[in-house]
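All remarks here apply to the structure that follows.
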Amino acid sequence: MSDMTIALLLKFISIIAISGIGFLMLTACSTKLKLPATAPDMTKVYLIKYSTWGHHSLAFYDDGLLTEFTYGDWELFALNKRDPWTAFKNMTFLTPGCMGRKSTAWNPGDTICDRFKDCEMAVSFFAPADKVITLRNKLQKSYDAKAESEYYNPDERVYFVKYSVPYWIFHNCNHELADWLEVIGAKVSGRVFYKPDFIGGMAPKQEPIK
């Protein structure tokens, strides 16, 4: 074995070791979600937690419709390729991301989880209206910009399009969700990497929607 090969092997082992330490650090502490500060004009946002991989999404209500936006990996989420090899490959290397969108008839006071497959829990919280509009418009424009790639996943009952943000282990669905939350004035810290509990870590606490 040449010196160069040994050096490359040691470098690879070091990267794995550092990644492992980072993983332990990121999964050891609980998720903290500090909700947006009170503002003169606030509106509700809906946070949905799924049983699959601790996945979360955001939803917005308008005139009888609840519209969910979600982020993930194109193959894992849109194409539903969830075999171990695809999951490992697409978490290890940068792969194409996707954005999901689903609109369903709904009115405040109704249950939410029965309208979204594998929904585990949903809560609502208030955020500054201008920031919510900014985020929703940004997500809608991103979706519309890739409309030609739209694909319907019948198992999830969600439409997906290609998304400009690549997916991998250090920027998975919950990292992107944390970015969206911060756009509307929330602060996210602690465990985001693996099975975060955004709802359990909320401050102040919010009651789940039945």
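Would you mind working out the magnitude of the charge dipole of the chain relative to its Cα centre, with +1 at each Lys and Arg C-beta and -1 at each Asp and Glu C-beta, to the nearest 20 Debye?
So the dipole magnitude of the chain works out to roughly 360 debye.
Could you state the number of Å between the C-alpha centres of the stretch 141-210 and the stretch 42-70?
9 Å
Would you mind ranking Asp118, Asp83 by Cβ crowding within 10 Å, fewest neighbours first?
Ranked by crowding around the Cβ, least crowded first: Asp83, Asp118.
Towards the positive end of the charge dipole of the stretch 87-144, with charges on Cβ (+1 Lys, Arg; -1 Asp, Glu), say which of Pro108, Met91, Ala129 has the farthest Cα.
Checking the options against the dipole of the stretch 87-144, the answer is Met91.
Taking mean projected area of the Cα convex hull in nm² straight from the coordinates, which label in (1) 10.9; (2) 15.1; (3) 13.5 is the correct one?
(3)
Work out which helices of the chain, taken as complete DSSP H runs, extend at least 20 Å along their axis over the Cα atoms and score a mean Kyte-Doolittle of -1.0 or more, then list them.
Passing helices, by number: 3-28, 129-145.
What ranking, highest mean first, results for peptides 122-128, 110-116, 203-209 when packing means the other Cβ atoms within 10 Å averaged over each residue?
Highest to lowest by the protection proxy: 122-128, 110-116, 203-209.
Just order 70-82, 164-176 by mean Cβ neighbour count inside 10 Å, highest at the front, would you?
Taking the mean over residues of other Cβ atoms within 10 Å, the ranking is 70-82, 164-176.
Report the Rg/Rh value for the stretch 139-186, based on alpha-carbon coordinates and the Kirkwood definition of Rh.
My calculation of the ratio gives 1.01.
Could you tell me which residue out of Cys173, Leu79, Pro204 lies farthest along the dipole of the stretch 65-210 toward its positive end? Charges go on the beta carbon: Lys and Arg +1, Asp and Glu -1, centred on the Cα centre.
Highest projection toward the positive end goes to Pro204.
From Cα pairs below 8 angstrom and at least 6 apart in sequence, can you work out the relative contact order of the chain, rounded to a whole percent?
The normalised contact order for the chain reaches 34 percent.
Straight-line reach only, C-alpha to C-alpha below 28 angstrom: list the lysines that Lys146 could link to, leaving out same-chain residues fewer than 8 apart.
Lys44, Lys49, Lys81, Lys89, Lys102, Lys117, Lys131, Lys138, Lys162
How large is the Kirkwood hydrodynamic radius of the stretch 41-154, counting all unique pairs of alpha carbons, in Å?
For the stretch 41-154, inverting the mean 1/r across all distinct Cα pairs yields 15.3 Å.
Over the stretch 30-109, calculate the relative contact order: mean separation of alpha carbon pairs under 8 Å at least 6 apart, over the residue count, as a percent.
27 percent
Quick one: of the DSSP bridges fully inside the chain, what percent are antiparallel, nearest 5?
95 percent
Take the Cα pairs of the stretch 80-146, get the Kirkwood Rh, then feed it into Stokes-Einstein at 20 °C and 1.002 mPa s and tell me D in µm²/s.
The diffusion coefficient I find is 138 µm²/s.
Which ordering of Tyr159, Tyr152, Tyr194 is given by a fewest-first count of other beta-carbon atoms within 10 Å?
Tyr152, Tyr194, Tyr159
FYI, it's all coordinate maths here, none of it is from the lab. All values reported here derive from a predicted model rather than from experimental measurement. Methodologically, a virtual Cβ is constructed for each residue, glycine included, from the backbone with ideal geometry; neighbour enumeration extends over all protein chains shown.
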